[in-house]
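*Asks:* First, the structure itself, so that you have it in front of you.
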Amino acid sequence: EECLTIFSFVLEAAVIAPKINFILRLHPVMPLALVMERYARLRNPPSNVHISDQSIDADFKRSRWAIYRGSGAAIRAVVAGLRPFYFKPHWERLGIDPLYELDAWRRVISSPEELLAGIELDLASDVGILIQELAKPKEFCTEYFTPVDINKFCQNIVSPERES
């Protein structure tokens with residue numbers, strides 16, 4: 001359902017913004033055939049909509065913005081330097097935004113027009129200022145996940161008692 005929600009939004013935005021290219025990414029465990037079966041509009045998308053067959057990092061390198069819902073990929077997008085746009089449909093009461101703390105960098109949108117307004121704002125902004133604005137959100141997202149310390153993990157499995 002989440003795929004269909006965001007894909008519908010992207011297809012609407014693509015129609016009113018034909019000069020902007022949109023890359024659709026599926027979750028790695030979501031089969032494209034299943035999404036195509038359930039959502040016929042994806043079988044013949046506008047020419048500015050592309051279904052990714054590349055790695056997420058490759059997609060980040062060719063992007064400037066990321067539209068997301070509850071995906072942890074949004075955190076990786078910020079680390080890669082992208083501006084995140086959280087799509088919050090009008091009917092949504094309780095958000096599922098993993099970046100809800102990033103008020104200064106992420107944008108919350110409910111319509112394609114709001115997305116386009118945010119993109120136009122970025123395009124009209126000084127790149128140096130945008131880079132400065134990205135610094136704190138990027139730091140926040142870099143520290144969002146803690147790398148696994150395999151030694152501590154193994155110690156807790158073998159000997160869960162802790163020394164005082």
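The values are calculated or read from the model by the stated rules, or taken from the named source; none is laboratory data. Here the structure is a predicted model, which is why all the values come from computation and not from measurement. Here the Cβ positions follow ideal geometry from the backbone for every residue, glycine too, while neighbour counts run over all protein chains shown. Remember, those area values only see protein heavy atoms, side chains included, never the ligands or the DNA or RNA. Shrake-Rupley method; radii C 1.70, N 1.55, O 1.52, S 1.80 Å.
*Asks:* Here are the criteria: (1) among the polar types (S, T, N, Q); (2) within 18 Å of the chain's Cα centre (by Cα); (3) open to solvent by 60 Å² or more (accessible area, probe 1.4 Å). Tell me which single one Asn151 does not satisfy.
*Replies:* (2)
*Asks:* For residues that are among the acidic types (Asp, Glu) and within 21 Å of Pro84 (Cβ to Cβ), scanning just the range 2-53, find the one that is modelled with the lowest pLDDT.
*Replies:* Applying the filter and picking the extreme gives Glu2.
*Asks:* Taking the range 60-78 only, how many residues are of a type outside the set (D, E, K, R), surrounded by fewer than 17 Cβ atoms within 10 Å (Cβ to Cβ) and more than 19 Å from Ile109 (Cα to Cα)?
*Replies:* 0
*Asks:* Do you know which residues across the range 79-96 are assigned to a loop (DSSP other than H, G, I, E, B), in contact with a helix residue (DSSP H, G or I) (Cβ under 8 Å, 6 or more places away or on another chain) and open to solvent by less than 20 Å² (accessible area, probe 1.4 Å)?
*Replies:* Leu82, Pro89
*Asks:* Assess whether Val79 counts as being modelled with pLDDT of 95 or more and within 19 Å of Pro28 (Cβ to Cβ).
*Replies:* yes
*Asks:* Leu99: in a loop (DSSP other than H, G, I, E, B), surrounded by 14 or more Cβ atoms within 10 Å (Cβ to Cβ) and hydrophobic (A, V, I, L, M, F, W, C), yes or no?
*Replies:* For Leu99, the condition - in a loop (DSSP other than H, G, I, E, B), surrounded by 14 or more Cβ atoms within 10 Å (Cβ to Cβ) and hydrophobic (A, V, I, L, M, F, W, C) - is met.
*Asks:* Could you check the range 7-42 and list, in sequence order, the residues that are over 21 Å from the mean Cα position of the chain (by Cα) and of a type in the set (Asp, Glu)?
*Replies:* Glu37
*Asks:* Select from the range 13-36 the residues that are part of a helix (DSSP H, G or I) and surrounded by 15 or more Cβ atoms within 10 Å (Cβ to Cβ) and list them in ascending order.
*Replies:* Ala13, Ala14, Val35
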